[in-house]
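So the structure is just underneath, and the comments pick up after that.
The values are calculated or read from the model by the stated rules, or taken from the named source; none is laboratory data. Just so you know, these numbers come straight off a predicted model, no measurement behind them. So basically every Cβ, Gly included, is an ideal-geometry build from the backbone, and we count neighbours across all protein chains shown. What goes into the accessible areas is simple: the full protein's heavy atoms, side chains included, and nothing from ligands, DNA or RNA. Shrake-Rupley method; radii C 1.70, N 1.55, O 1.52, S 1.80 Å.
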Amino acid sequence: MSFSSQSRLDRRNMLKWGAGLGAVAAASLSPFAFPGGTLSARAEAEALTLWGIPASPSAIFARAVASGDLEALAPGMRFDVWKSTDQMRAGIASGDFKLFATSSYAAANFFNRGAGTVMVNVVTWGVLYVMAREEGIERIEDLAGKHVLLSNKNEAPDLLFRLVLKWSGLDPDKDVRLDYVGSPGEAVPLYLAGRGDVAILHEPASTAALFRAKKAGLPLYRSIDITEVYGRYTGRGPRIPQVGLAVNPAFLEEKPEIVRAVHEACVKAGQWTRDHWQEAGALAAQSLPLPAPLIAASLPFVHLDVQSAKEARADIELYFDHLMSLDPGIVGGGKPAAEFYWG
């Protein structure tokens, strides 16, 4: 499978909302530590790795592996985090990535472009927030005339914000001033330095901004949850199926029992994470280049709920329909076929 330098996938860097905090790209990610000592070199090389995204929702995947629930079927299974979308694409193209977290629309793009990638589940149902320096900004309509700082132009977060603007009766090109930077990590310091009236930030960047503002004695508020707005207009509640686990199709065919066990471990891990924010943050921080307190504070704001892709199919297809209404090619040519949805 080849990926043109001009392809939509290459332009999208679909998960900079986690990596864009600055530390992610530069950090050296440590391998997951197993109780009872390290694996032998041969066993470590043969062990299955579950690859997470470099952001707070990976706490679920870290817990799924650390729980021990997968040891019988996949002895020595490891959790690690891919460092860049280039690494993820290379791992998918080579077949080295068997189980990996990614955005739902990126997985669909891989599927439609011939990689055969199957979506196993969705774990995160919304990560986008309007951050403001003043109280009183409570509705999208309150953004009329505002200077809006945001990132990831023409990618899913940008399209989602444009959608809710339109649904709220605002023209994104006339009624607000959109000011783009490359990533949320760039947007945070610029916004705190005074650029823009409001900022559109993903988790964990929005939580990081709150931490930095508090330390600097600056006012900052989590004013609007874009997921809540989306849910009111779709009528399906706050559900944007943004990130989940995907699987290599050859591995799925060879080891379906492992894929099912991993999903079931993720369901249990999701329940555990919702009951143990602090412990989940500490566990994830072993592999993510983010501090444990930041991860723990971010987790309540990423709408965690683990559902199989088949269970989530209606929401995923609705999400793709909305994205494609603004960019018909964003998922690589159309909604994926039924085989894309595991469950």
### Message
Treating the stretch 138-289 as a set of equal point scatterers at the Cα positions, no solvent, please give the Debye-formula log₁₀ I(q)/I(0) at q = 0.12, 0.17 Å⁻¹.
### Response
-0.69, -1.12
### Task
Provide, for the chain, the number of lysine pairs with alpha carbons under 16 Å apart, each pair being eight or more places apart or on different chains.
7
### Message
Leaving out ligands, DNA and RNA, and with a 1.4 Å probe, what % of the accessible surface on the stretch 249-343 is carbon or sulfur?
### Response
52 percent
### Query
Ordering 274, 78 by how much accessible area each has at a 1.4 Å probe, largest first, what is the list?
274, 78
### Query
For the stretch 225-264, what does the alpha-carbon gyration tensor say about shape, rounded, prolate or oblate, given a ≥ b ≥ c as the root eigenvalues, a/c under 1.5 as rounded, and a/b over b/c as prolate?
prolate
### Task
Give the relative contact order (percent, whole number) for the chain; include only Cα pairs under 8 Å separated by 6+ residues.
28 percent
### Whole-Å semi-axes of the stretch 235-343's equivalent ellipsoid (Cα gyration tensor)
27, 20, 13
### Query
What 222 nm value per residue comes from the helices of the chain, counting each DSSP H run with n ≥ 4 as -39,500 (n - 2.57) and dividing by all residues, nearest 500 deg cm²/dmol?
-11500 deg cm²/dmol
### Task
Sort out for me the Cα centre separation of the stretch 97-175 from the stretch 280-307, rounded to whole Å.
20 Å
### Query
What does the convex hull of the Cα atoms of the chain come to per residue, in Å³, rounded to a whole number?
129 Å³
### Summary
In whole percent, the fraction of accessible protein surface over the stretch 82-182 that belongs to carbon or sulfur atoms, probe radius 1.4 Å, stands at 40 percent
#### Entry: Cβ crowding within 10 Å averaged over residues, with 278-284, 309-315, 252-258, 115-121 ranked highest first
115-121, 278-284, 309-315, 252-258
### Query
Which value, in Å², gives the accessible area per residue of the chain when a 1.4 Å probe is used on the protein heavy atoms?
39 Å²
#### Entry: Relative contact order, percent, the stretch 67-163 [alpha-carbon distance under 8 Å, six or more residues apart]
11 percent
### Task
From largest accessible area down, sort 322, 263; use a 1.4 Å probe on the protein chains.
322, 263
### Summary
With N residues in the stretch 123-213, Rg(alpha-carbon) / (2.2 N^0.38 Å) equals 1.00
### Query
Equivalent-ellipsoid semi-axes (√(5λ), Cα gyration tensor) for the stretch 289-343, whole Å, largest first?
29, 16, 10
### Summary
Computed Rg/Rh for the stretch 42-157 (Cα atoms; Rh = Kirkwood radius) stands at 1.09
### Task
Write down the Kirkwood hydrodynamic radius of the stretch 59-100, to one decimal in angstroms, obtained as one divided by the mean of 1/r over all alpha carbon pairs.
11.4 Å
